[in-house]
Amino acid sequence: MRPSIRVATLAVGALVTAVLATGCSSSSDAPKAAPAAAEKAPQAKAKDVADKPSEKPVKAPLVAVGKSGTYTAEDGATGVKTKMEITLKDVKTVTPSEIGTTTKPKGQYVVLTLTVKNVGDKDGGFHPYGLMKWEDDQTAEQNASTLETSNSGQDVDTDYKPGQNVTGDVILDVPRLGGKVNFYDSPGAASLTFELPAD
């Protein structure tokens, strides 16, 4: 064999050997890397689950006559949050004539006298219309809101700066006495629950 052909053959042989060696080493490394990654992934998931606190639904504070409850109010347009405190001063049943209306209730008019106070550090609002729902052990939640207003006290349905408070009435139409009224400041769980006396 001529020297030039021998050199060319050796060069091609060396090149083929190098390519095969590189191909073999990279292909033998790939299966080893994949199981290692797969083995680590379940451990990472298990650790993530272990690190997360269990998410339990938050129960709304139950507010009886003479008591107060707080909740975090969130402005739906801006997302600004502040802490509001509501005190249930009194609960009484009334007739339509006592509140100056001729509209008959579906059930019974009930007046909640509330003191609403912004105890947070941002502006916040209390807007109960359409967000007050009555229920008891026998009956599922029913919308209790009315457009009726009271002549006594101030209008609690307003916006509050930090430290401001208002005492006034919210008039509800409930199926019967007793039960409780849930107030929903935002979708989801109730923000506060007001306990209504049975008589």
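The values are calculated or read from the model by the stated rules, or taken from the named source; none is laboratory data. Computed from a prediction, not measured in an experiment: that's the story for all the values here. Don't worry about glycine lacking a Cβ; one is built from the backbone with ideal geometry, like all the others, and counts go over all protein chains shown. Surface areas here come from the heavy atoms of the whole protein model, side chains and all, with no ligands, DNA or RNA. Shrake-Rupley method; radii C 1.70, N 1.55, O 1.52, S 1.80 Å.
A few comments on the model shown:
- Candidates per chymotrypsin sites (Phe, Trp or Tyr not before Pro) in segment 114-167, loop by DSSP, up to 16 other Cβ within 10 Å: Y129
- When each of the peptides 108-119, 139-150, 177-188 is scored by the mean number of other C-beta atoms lying within 10 Å of its residues, the order from highest to lowest reads 108-119, 177-188, 139-150.
- Solvent-accessible area of D75 with every protein chain in place, 1.4 Å probe, in Å² to the nearest 10: 70
- With all protein chains in place and a 1.4 Å probe, the accessible surface of segment 73-140 carries 45 percent carbon and sulfur.
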